[in-house]
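Undergrad: Sharing a structure below in structure tokens format, with a few things to ask.
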Amino acid sequence: MKTKTTLAVLSLALGAAFALPAGAQDVLPRPEQPFGGKLGRTTKESIKDFPKTIEAPKGAPNVLVILTDDVGFGASSTFGGPIPTPTMDRLAEDGLRFNTFHTTALSSPTRAALLTGRNHHSASTGVIMELGTGFPGYNSLMSKSNGTFAEILKQNGYNTSWYGKNHNVPDWQSSQAGPFDLWPTGLGFEYFYGFIGGDTSQWNPALFEGTKPIEPPHDAKNYFFDKDMADHCIDWIRMQHATAPGKPFFAYYAPGTAHAPHHAPKDWIAKFKGKFDQGWDKVREETFARQKAAGIIPTDAKLTERPASIPAWDSLNADQKKVFAHMMEVYAAALAHCDHQMSRILDTIEAQGELDNTLVIYIQGDNGASAEGGMQGLLNEMTVMNAIPEDMKEVVRRMDELGGPMTFNHYPVGWAHAMDTPFQWTKQIASHFGGTRNGMVISWPARIKDKGGIRTQFASVIDIMPTILEAVGVSAPTSINGVAQKPVEGTSLVYSFDDAKAPSKHTTQYFEMFGNRAIYHDGWVAATTPGVAPWDTAAEVQGRLPAVLDYQWELYKVSEDFSEANDLASKEPAKLKEMQELFWAEAEKYNVLPIENSRIDRFDVTNRPSLTTGRDEFTYYPGLVRIPEGAAPDTKNKSWQIRAEVDIPAGGAEGMLLTHGGRFAGWGLYLLKGKPVFCYNLAGVARYYVSGRDELAPGKHAILFDFKYDGAGLGKGGVGTIQVDGKTVAAGRIEQTLAFRLSLDETLDCGKDTGTPISEDYHVPFKFTGELKKATVNLKPAPLMAREQRLLEDGKMAAAIAAQ
């Protein structure tokens, strides 16, 4: 009798758990439901009972989160900028603009903070994935105690999907060997269509569907990833509505635009011809005036000064003005075209009658505008990654190619500064609003009644998760999938929807990136003066980078000084000291320690786990493709060999044997019209060929490419030799090599070439038409250097600042 009573009580308790509204569930997943029917010896004596399907709270909205890339506060028309963003304007007219919303100043950290509602160091993402170090706040391994709101929504009756940029997978976990628990499908997203790294080509993107690498249609005319991505999002939303119209969806739409490469269709670039001929100084003034006229910034706000290290537009020569204006035209076209794709998504939701009850959060940029294009912009971002200068004459000659598939381009510092109007500094500089202040719009027609309103409450990217959970009607659980959860560190913004004058509930927020740091508290900001500018790439190696604890501090009363134009540090020393002490308290609380400002140390791959450490031989077979650089043999700064075993059919063969990289940097060994060729692509600045004269006869052959490195430094040259069946058939000099990085989005491929070609002598996929048995890479130890020389050479790494 006692047993029956206990079981009955347990059954009632479990049943009560499932009778509770979804928002009251504290542990996910929910306990297994008890059988509510009756079991007899036969079905006639039994009563059926299906477990209840988890449903979202009644009336819960669809959720669409949009996050663009490398777009400053003063870029979009919605926030007074020169680039038309009618989709964001449309949402702002039907919703709210937040003019004091903040990110972290860099890609991966902002994205981790958005997904988890915790500060980026709390989520172990104090830097981008490629620079992780072995400290809790920086190891890039987001713990399971930082559950994402996608996982929470999924377990509360939502379908979930992610499109576009990821950049939250640790560098050494981005291959097909996994593990995949930190990929989107391991973070609560049922569907993913996008790219894993920091940037990719719009013309030839390195795509994944779920965890499977896929190739875009290389032969399709007018293929463009932003459009393709929107098509996939639209198809998914339509499918959800068609099959389960009562079930809400969550879509996270994160285009790689407008991060470099700045790509756009030619007809969109043409729309902006002549729009930026007035130069960055005048554009900045025009934006500032529009911002004031629209009430986006206070009437008493000041336009901060352009740093002396950024040249005045009027000081440039005619060629510079012509090229730099066109670079900005291309950037504007990229962002405007991207915004247009989002309008197609909204139109789809509206056509289904769902837009009124869809919460749309549109964040314009994951950080401030990027100054990583340097003083003259770039044709190819891989040059700066390897400290290889570009000839301005060549940039002028090829300026009409900018934005197209033959470039991996970026604009100059002056435009980045203008796109951050009215603030100081740019992306990477977490101490100042130029790095962290981004425009945000929230639209939810069924709930937000102050159409077109502006909200001035202090807000952070960590506030997005609690805002969504409150809007949906679910609470943050204390446990997800058996793991106790850290407290959510953000503050819901729902309180501001109905009250423009409500006091800010997010009263304190620290900022830190590469040693640049700040603290906001109750209308004040204390900020370190940046040790070096993001565009000063030689400072660290030249010994001009100050010790991280020796940075000067500035003080701003941002409740009265919107743009941080009036430094009060000398007038308010007591307040400054109070704020500094608060920063250190927050830094200790949120895993910010230890503070580090060195880029060289962080680029050292020995700081992180690796799939290749200790290996000097790698064997690949045909069809093994899309192996990222972090999981491929490191052929930089050393001697190495490739040995390929082939069988040539009657009539000959051609195609790729083994390649790493593509159009913008890398190498490849292939047969062209039956003849063996090795091509070394030095970031598009030069291509070195070692080519045999004779076609390979039908039959089995062993092809050996041997590279003997000159040694004594990084990025040096060497001699390449091709042997066929032990006989030397070609030799040639490779004058310079890539010191730091072969690719940002291209990979190692065997038996064919994915992405873009190493040489324009062939077209991808250039699949080998004979039989390739296998290809083996052997690495030889790099020559030892004196410590001083090594430090000098490694210092060039500062010129390869992470463009992600």
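Undergrad: Residue 114 - would you say it is under 23 Å from residue 250 (Cβ atoms) and aliphatic (A, V, I, L, M)?
TA: Considered against the rule, which asks whether it is under 23 Å from residue 250 (Cβ atoms) and aliphatic (A, V, I, L, M), residue 114 comes out as yes.
Undergrad: What single numbered condition from (1) outside any helix (DSSP H, G or I); (2) touching a residue at least 40 places away in the same chain (Cβ under 8 Å); (3) in contact with a helix residue (DSSP H, G or I) (Cβ under 6 Å, 6 or more places away or on another chain) fails to hold for residue 123?
TA: Condition not satisfied by residue 123: (2).
Undergrad: I would also like to ask the following. With the requirement that a residue be small (Gly, Ala, Ser) and either at pLDDT below 95 or open to solvent by 10 Å² or more (accessible area, probe 1.4 Å) (or both), what does segment 176-197 give you?
TA: 177, 186, 197, listed by residue number.
Undergrad: Given the structure, is residue 289 surrounded by fewer than 22 Cβ atoms within 10 Å (Cβ to Cβ) and outside any helix (DSSP H, G or I)?
TA: For residue 289, the condition - surrounded by fewer than 22 Cβ atoms within 10 Å (Cβ to Cβ) and outside any helix (DSSP H, G or I) - is not met.
Matching residues to (1) more than 34 Å from the chain's Cα centre (by Cα); (2) closer than 30 Å to residue 259 by Cβ:
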site: 697; (1), (2): yes, no
site: 705; (1), (2): yes, no
site: 728; (1), (2): yes, no
site: 739; (1), (2): no, yes
site: 747; (1), (2): no, yes
site: 753; (1), (2): no, yes
site: 758; (1), (2): no, yes
site: 778; (1), (2): no, no
site: 781; (1), (2): no, no
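Undergrad: Within segment 161-173, track down each residue that is open to solvent by 10 Å² or more (accessible area, probe 1.4 Å) and either under 22 Å from residue 226 (Cβ atoms) or touching a strand residue (DSSP E or B) at 6+ places or on another chain (Cβ under 6 Å) (or both).
TA: The answer is 168, and nothing else.
Undergrad: For segment 589-620, name all the residues that are exposed (fewer than 13 other Cβ atoms within 10 Å of the Cβ), among the charged types (D, E, K, R) and not in a loop (DSSP other than H, G, I, E, B).
TA: Residue satisfying the conditions is 617 alone.
Undergrad: Could you pull out every one of the strands (runs of 3 or more DSSP E) wholly within segment 186-261 that has 1 or more residues that are touching a helix residue (DSSP H, G or I) at 6+ places or on another chain (Cβ under 7 Å)?
TA: On the way: elements: 191-195, 207-209, 212-214, 249-254.
Per the criteria, 191-195, 249-254.
Undergrad: Separate question: Could we say that residue 73 is open to solvent by less than 10 Å² (accessible area, probe 1.4 Å) and not small (Gly, Ala, Ser) here?
TA: On the way: open to solvent by less than 10 Å² (accessible area, probe 1.4 Å): yes; not small (Gly, Ala, Ser): yes.
The answer is yes for residue 73.
Undergrad: Another question about this same structure. Can you list residue pairs whose Cβ atoms sit under 6 Å apart, with the first residue in segment 363-384 being part of a helix (DSSP H, G or I) and the second being among the hydrophobic types (A, V, I, L, M, F, W, C) and open to solvent by less than 10 Å² (accessible area, probe 1.4 Å)? Count only pairs 6 or more apart in sequence or on different chains.
TA: Qualifying pairs under 6 Å: 381/260; 381/408; 381/803; 382/665; 382/683; 383/683.
Undergrad: Please enumerate the residues belonging to segment 639-674 that are touching a Pro at 6+ places or on another chain (Cβ under 8 Å) and open to solvent by 10 Å² or more (accessible area, probe 1.4 Å).
TA: Correct list: 649, 650, 651, 652, 663.
Undergrad: Has segment 784-797 got at least one residue that is on the phi < 0 side of the Ramachandran plot, surrounded by 16 or more Cβ atoms within 10 Å (Cβ to Cβ), modelled with pLDDT of 55 or more and not in a loop (DSSP other than H, G, I, E, B)?
TA: No, that holds for no residue.
Undergrad: Restricting attention to segment 399-412, report how many residues are open to solvent by less than 40 Å² (accessible area, probe 1.4 Å), on the phi < 0 side of the Ramachandran plot and assigned to a loop (DSSP other than H, G, I, E, B).
TA: Residues that pass the stated criteria total 6.
Undergrad: Still on this structure: Quick one: which of 272, 324 is of a type in the set (A, V, I, L, M, F, W, C), touching a residue at least 40 places away in the same chain (Cβ under 8 Å) and part of a loop (DSSP other than H, G, I, E, B)?
TA: One residue alone meets the criteria, 272.
Undergrad: Here is a further query. Which members of segment 500-553 meet the condition of being among the aliphatic types (A, V, I, L, M) and assigned to a loop (DSSP other than H, G, I, E, B)?
TA: Hits for segment 500-553 are 500, 502, 532, 533, 538, 539, 541, 545, 547.
Undergrad: Within segment 39-83, count every residue that is among the aromatic types (Phe, Trp, Tyr), part of a loop (DSSP other than H, G, I, E, B) and under 33 Å from the mean Cα position of the chain (by Cα).
TA: Looking only at that region, the number is 1.
Undergrad: Continuing with the same structure: Could you list, in sequence order, all residues of segment 75-132 that are touching a strand residue (DSSP E or B) at 6+ places or on another chain (Cβ under 9 Å) and either modelled with pLDDT under 95 or of a type in the set (S, T, N, Q) (or both)?
TA: Result: 76, 77, 78, 85, 87, 99, 100, 103, 104, 107, 110, 119.
Undergrad: Just a yes or no: is a residue in segment 502-509 buried (at least 21 other Cβ atoms within 10 Å of the Cβ), touching a residue at least 12 places away in the same chain (Cβ under 8 Å) and under 23 Å from residue 425 (Cα atoms)?
TA: The answer is yes, given that some residue of segment 502-509 is buried (at least 21 other Cβ atoms within 10 Å of the Cβ), touching a residue at least 12 places away in the same chain (Cβ under 8 Å) and under 23 Å from residue 425 (Cα atoms).
The values are calculated or read from the model by the stated rules, or taken from the named source; none is laboratory data. Nothing here was measured: the structure is a model prediction, and the numbers come from that model. Here the Cβ is made from the backbone with ideal geometry for all residues, glycine too, and neighbour counts use every protein chain on show. Remember, those area values only see protein heavy atoms, side chains included, never the ligands or the DNA or RNA. Shrake-Rupley method; radii C 1.70, N 1.55, O 1.52, S 1.80 Å.
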